[in-house]
Amino acid sequence: MAEEKFIVDGLAGAQKLSGTIRISGSKNAGLPVIAASLMCAGPVHYSNVPAIEDMSRMFELLSDLGVSVTQANGEATIDATTLATNVLTREVSERFRASIILTGPLLARCGEVQFPHPGGCVIGNRPIDIFLNGFEALGATVTEVDGMYTVSAQQLVGCDYFMPISSVTATESLVLAALGADGITRIHNASFEPEVVALCEFVIQYGAHIEGVGTPELIIHGHDGLLQSETMECVITPDRLEAGSYLILGALAGSEVTVTNCRPDHLGALLELFRQIGITTEVGESSVTVFGYTQKPQQSYVIKTHEFPGFPTDLQAPAGVLMTQVPGETLIFETIFEGRLHYLHDLERMGARVDHWDSHRATVHGGTPLKGRTLKSPDIRAGLAFIIAAIIADGTSEIHNVYLIDRGYERVEEKLANIGVAISRVSA
Ligand code: EPZ
């Protein structure tokens with residue numbers, strides 16, 4: 001695919017954006033529920049499917065496995081009846097982290113799965129020990145040759161597994177594996193992000209018996225055979241990270257920006273930060289409107305990322321841009337990943353003032369006008385943060401590596417142009 005870049009003309013601090021952005025289905029909820037199609041005896045019909053690169057990679061991976069995939073216009077039908085292999089190809093798997101979610105259902109369904117170490121955003125080391133230890137706890141054996149893992153089990157057996165870190169995709173993969181186990185599996189310290197809840201609610205709807213959904217104590221009862229029902233459908237949850245990213249843009253550069261088709265109950269931590277800063281919002285049933293940002297007396301703030309319902313690590317970079325403008329200073333404490341503050345160096349090149357303490361902590365000083373620059377997206381969320389920075393900057397910016405942004409944000413330049421952003425996609 002030819003390299004592309006975004007050209008963005010900055011507003012130089014003027015608050016000119018206004019209008020409505022319809023939020024798409026969530027990447028991080030869509031990927032696990034689509035992986036769960038491997039636990040279903042027949043076709044599953046999905047709607048509100050986001051047109052993003054990671055979803056295309058997941059469809060490619062499933063097709064490589066022999067699964068039937070038909071999709072168009074935000075709908076997809078996945079039928080794993082024709083599943084033909086349990087080997088995840090290196091080429092596609094290494095392009096996105098969520099490929100690893102497939103390991104759990106493949107192990108449960110086939111008794112063995114082979115896969116490479118997954119790829120994905122370079123935001124830290126991102127090991128997979130919690131997956132492998134979980135599979136061993138379920139009675140599987142794990143071997144690794146030249147970076148390809150083989151996990152196999154005659155029969156998975158329910159177990160008690162204490163997750164040392166409440167890993168989101170490890171919880172998702174192990175829940176699906178545990179459905180194929182004999183007996184009951186208890187996952188302690190499980191993730192209960194909205195995306196994990198959405199996955200559990202989907203499989204429960206079609207026969208799975210899971211207790212403790214939405215809590216760190218998940219109890220998964222082994223399920224005889226595959227999930228089945230006359231028709232199986234799933235509406236993918238709206239993307240809280242897309243909604244949050246665009247609300248931050250609206251707070252910085254909008255007079256009145258509304259995001260629709262979203263879940264305000266998934267945005268509590270961001271709305272609390274807006275309240276602290278004095279940013280006015282209007283919260284509806286499935287929409288949030290944010291009004292322009294008005295200067296408040298100098299204050300100090302803390303943005304400490306934390307598992308849900310705490311401040312999402314995936315909104316940390318967009319929030320970092322916001323705090324370069326809010327008078328005062330903000331301690332950013334990224335507790336989840338050790339490599340997710342690098343984008344601050346790029347913001348400094350634009351004029352931000354940052355004190356770097358360690359790989360998890362930095363202080364952003366507010367009230368610093370930004371200048372347009374040429375930037376390179378290092379990951380999905382920092383890429384979107386660079387677009388936000390470019391929009392509020394003085395002058396024109398170029399943002400490269402837009403594939404990384406397209407991995408997690410659907411039709412980003414179209415949605416932004418609709419509220420008044422001067423952005424165009426050109427070949428790099
Ligand atoms: C999911 O990644 C999301 N991706 C990430 O979103 C998100 O940032 C992250 O959860 C945290 O909320 C998807 O859902 C597809 P983790 P995941 O396992 O599951 C360590 C985006 O931009 N860990 O919860 O990979 C890990 O290194 C992406 O949409 C281990 O040590 O994250 C990290 O420090 C970026 N061993 C911590 O756990 C393991 O086996 C939390 O990671 C697994 C993880």
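The values are calculated or read from the model by the stated rules, or taken from the named source; none is laboratory data. Source: prediction; values computed, not measured. All Cβ positions, even for glycine, are placed from backbone atoms using ideal geometry, and neighbour counts span all protein chains on display.
What the table below lists for this structure:
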item: Matching entry among 142, 203 (being of a type in the set (A, V, I, L, M, F, W, C), free of Cβ contacts under 8 Å to residues at least 60 places away in the same chain and either surrounded by fewer than 24 Cβ atoms within 10 Å (Cβ to Cβ) or not in a strand (DSSP E or B) (or both)); result: 142
item: Residue ID - nearest to the ligand (Cβ to nearest atom), chosen from residues in segment 337-360 that are more than 26 Å from residue 127 (Cα to Cα) and assigned to a loop (DSSP other than H, G, I, E, B); result: 352
item: The one condition in (1) assigned to a helix (DSSP H, G or I); (2) closer than 30 Å to residue 343 by Cβ that residue 133 fails to fulfil; result: (2)
item: Any chance residue 185 is at pLDDT 95 or above, assigned to a strand (DSSP E or B), away from the ligand (no atom under 16 Å from the Cβ) and closer than 16 Å to residue 221 by Cβ; result: yes
item: Odd one out for residue 355, checked against (1) of a type in the set (D, E, K, R); (2) under 23 Å from residue 297 (Cα atoms); (3) touching a residue at least 12 places away in the same chain (Cβ under 8 Å); result: (3)
item: Only listed residue being at pLDDT 95 or above, buried (at least 19 other Cβ atoms within 10 Å of the Cβ) and assigned to a strand (DSSP E or B), chosen from 397, 424; result: 397
item: Subset of segment 149-173 [surrounded by 15 or more Cβ atoms within 10 Å (Cβ to Cβ) and of a type in the set (A, V, I, L, M, F, W, C)]; result: 151, 153, 156, 157, 159, 163, 168, 170
item: Among (1) more than 15 Å from residue 56 (Cβ to Cβ); (2) free of Cβ contacts under 8 Å to residues at least 12 places away in the same chain; (3) not in a helix (DSSP H, G or I), the one test that residue 123 misses; result: (2)
item: Flag for residue 197 being out of contact with any helix residue (DSSP H, G or I) (no Cβ under 8 Å at 6 or more places or on another chain), in a helix (DSSP H, G or I) and surrounded by fewer than 19 Cβ atoms within 10 Å (Cβ to Cβ); result: yes
item: Matching residues, segment 314-328, being surrounded by 18 or more Cβ atoms within 10 Å (Cβ to Cβ) and free of Cβ contacts under 8 Å to residues at least 60 places away in the same chain; result: 323, 326
item: Failed item in (1) within 11 Å of the ligand (Cβ to nearest atom); (2) of a type outside the set (A, V, I, L, M); (3) surrounded by fewer than 24 Cβ atoms within 10 Å (Cβ to Cβ); (4) touching a residue at least 24 places away in the same chain (Cβ under 8 Å), with residue 48 passing the rest; result: (1)
